[in-house]
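Only one structure is covered here, and it is reproduced in the block below.
The values are calculated or read from the model by the stated rules, or taken from the named source; none is laboratory data. None of the values given here were measured: they were computed from a predicted structure. For neighbour counting, all protein chains shown are included, and Cβ atoms are generated from backbone atoms with ideal geometry for every residue, glycine included.
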Amino acid sequence: MALLEANDLEIRFGGVKALAGVSFRVEEGEVFGVIGPNGAGKTTLLNAISAVYKLNGGSIRFAGEDVTGLPPHRLSRLGIARTFQIVQPFKAMSVRENVAIGAMFGHARLRTRDAWLAAADAALERTGLAPKAAFMPPQLTLADRKRLEVARALAMGPRIILFDEVMAGLNHTEIERMIDLVKSLKQAGLTVVVIEHVMKAVLALCDRIMVLNFGAKLAEGVPDDVVSDPKVVEAYLGQRFAKAHSAAHAATVAGGVQ
Ligand SMILES: Nc1ncnc2c1ncn2[C@@H]1O[C@H](COP(=O)(O)OP(=O)(O)OP(=O)(O)O)[C@@H](O)[C@H]1O
Ligand SMILES: [Mg+2]
């Protein structure tokens with residue numbers, strides 16, 4: 001049974017179909033990537049799943065239950081957590097308190113301030129942010145603000161986390177650290193959906209990838225197949241990426257050094 005199942009999702013803004021009949025399944029324990037050009041509908045898809053936007057059509061099942069139309073706070077309690085592409089922490093609250101808000105909304109079991117803070121501390125440990133727990137968000141680098149998003153989502157005690165471009169704007173070293181963090185979440189048994197433009201991260205992390213283009217599914221499959229699909233190269237990746245990837249792949253297959 002898939003943990004998350006989306007059937008024929010449709011979201012319209014006026015006359016524009018931002019999502020036009022998108023269906024997919026995410027299996028428990030996998031990292032599922034969503035890629036595609038700017039404006040393809042990736043963030044809209046995440047907003048549809050997390051009920052930030054109301055569906056104009058389609059249905060969503062989570063852990064075997066129909067969750068279509070449930071409000072965001074009910075989805076959080078069921079174990080669906082997300083991050084936001086535009087990071088907006090509460091500036092007047094410490095990093096620790098910002099993360100504790102995740103615990104407050106996510107965990108039905110945790111009812112006291114101490115319990116929320118304890119869950120926050122555990123999430124800060126897991127994301128490497130513990131030394132900055134007392135910082136105020138404006139003191140953080142972009143990479144740390146992205147980690148704060150991940151920590152807040154983790155503090156909710158989710159079964160699935162939906163990441164919207166947590167690598168965007170990070171440098172090489174910061175991307176490597178974020179890849180390691182997402183890998184550690186998978187190893188801990190979490191199911192992860194990553195929306196991402198950083199292809200190095202997509203290839204390092206994803207078990208399967210779905211490509212969106214103009215609000216519709218263009219391709220889906222294991223990374224090697226998807227990135228060499230001519231439709232995907234044409235619409236998104238470009239010829240340069242495809243050539244570089246197939247050369248690197250051939251070298252690996254031949255036992256050569258990349
Ligand atoms: N709240 C909204 N109101 C009107 N149009 C919207 C709204 N949100 C998204 N759209 C439109 O829906 C389409 C899909 O946008 P979306 O933000 O989902 O793209 P994306 O794939 O996340 O792009 P990016 O890679 O740039 O983040 C775009 O045409 C966008 O302008
Ligand atoms: Mg987006």
> Quick one: which strands (runs of 3 or more DSSP E) sit completely within region 1-43 and have at least 1 residues that are in contact with a Cys (Cβ under 7 Å, 6 or more places away or on another chain) and surrounded by 18 or more Cβ atoms within 10 Å (Cβ to Cβ)?
Replying inline: 31-35
> For region 34-56, how many residues are near ligand 2 (Cβ under 10 Å from one of its atoms) and farther than 19 Å from N7 by Cβ?
Replying inline: 5
> Of all the residues that make up region 103-126, how many are modelled with pLDDT of 90 or more and not hydroxyl-bearing (S, T, Y)?
Replying inline: 15
> Of all residues in region 197-211, which are more than 11 Å from F32 (Cβ to Cβ) and touching a Phe, Trp or Tyr at 6+ places or on another chain (Cβ under 9 Å)?
Replying inline: M199, V211
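Condition first: crowded, with 16+ Cβ neighbours inside 10 Å and touching a strand residue (DSSP E or B) at 6+ places or on another chain (Cβ under 6 Å). Can you find one or more residues in region 65-75 that meet it?
The initial filter retains those residues of region 65-75 that are crowded, with 16+ Cβ neighbours inside 10 Å, namely 67, 70, 75.
Cutting the leftovers down to touching a strand residue (DSSP E or B) at 6+ places or on another chain (Cβ under 6 Å) gives us 67.
Among the residues of region 65-75, at least one is crowded, with 16+ Cβ neighbours inside 10 Å and touching a strand residue (DSSP E or B) at 6+ places or on another chain (Cβ under 6 Å), which makes the answer yes.
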> Checking C206 against (1) surrounded by fewer than 18 Cβ atoms within 10 Å (Cβ to Cβ); (2) in contact with a helix residue (DSSP H, G or I) (Cβ under 8 Å, 6 or more places away or on another chain); (3) under 19 Å from I161 (Cα atoms); (4) in the same structural domain as A18 (by TED's automatic domain parsing), which test does it fail?
Replying inline: (1)
> Here is a list of conditions, (1) β-branched (V, I, T); (2) surrounded by 15 or more Cβ atoms within 10 Å (Cβ to Cβ); (3) closer than 30 Å to M136 by Cβ, and I49 meets all of them except one; can you say which number that is?
Replying inline: (3)
> Which residue pairs have Cβ atoms under 9 Å apart, sit 6 or more places apart or on different chains, and have a first residue in region 157-169 that is free of Cβ contacts under 8 Å to residues at least 60 places away in the same chain and closer than 13 Å to R145 by Cα and a second that is acidic (D, E) and within 12 Å of ligand 2 (Cβ to nearest atom)?
Replying inline: M167/E196
> Among (1) surrounded by fewer than 18 Cβ atoms within 10 Å (Cβ to Cβ); (2) within 16 Å of ligand 1 (Cβ to nearest atom); (3) farther than 20 Å from L9 by Cα, where does T83 come up short?
Replying inline: (1)
>> Kindly evaluate A51 against the criterion of being within 16 Å of ligand 1 (Cβ to nearest atom), closer than 27 Å to A168 by Cβ and without any contact (Cβ under 8 Å) to a residue 40 or more places away in the chain.
In response: yes
> Any chance region 177-188 includes a residue that's aliphatic (A, V, I, L, M), assigned by TED's automatic domain parsing to the domain that holds H249 and surrounded by 19 or more Cβ atoms within 10 Å (Cβ to Cβ)?
Replying inline: no
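For A48, indicate whether it is at negative phi and in a helix (DSSP H, G or I). Talk me through it step by step, then tell me what you get.
Details: at negative phi: yes; in a helix (DSSP H, G or I): yes.
Criteria met by A48.
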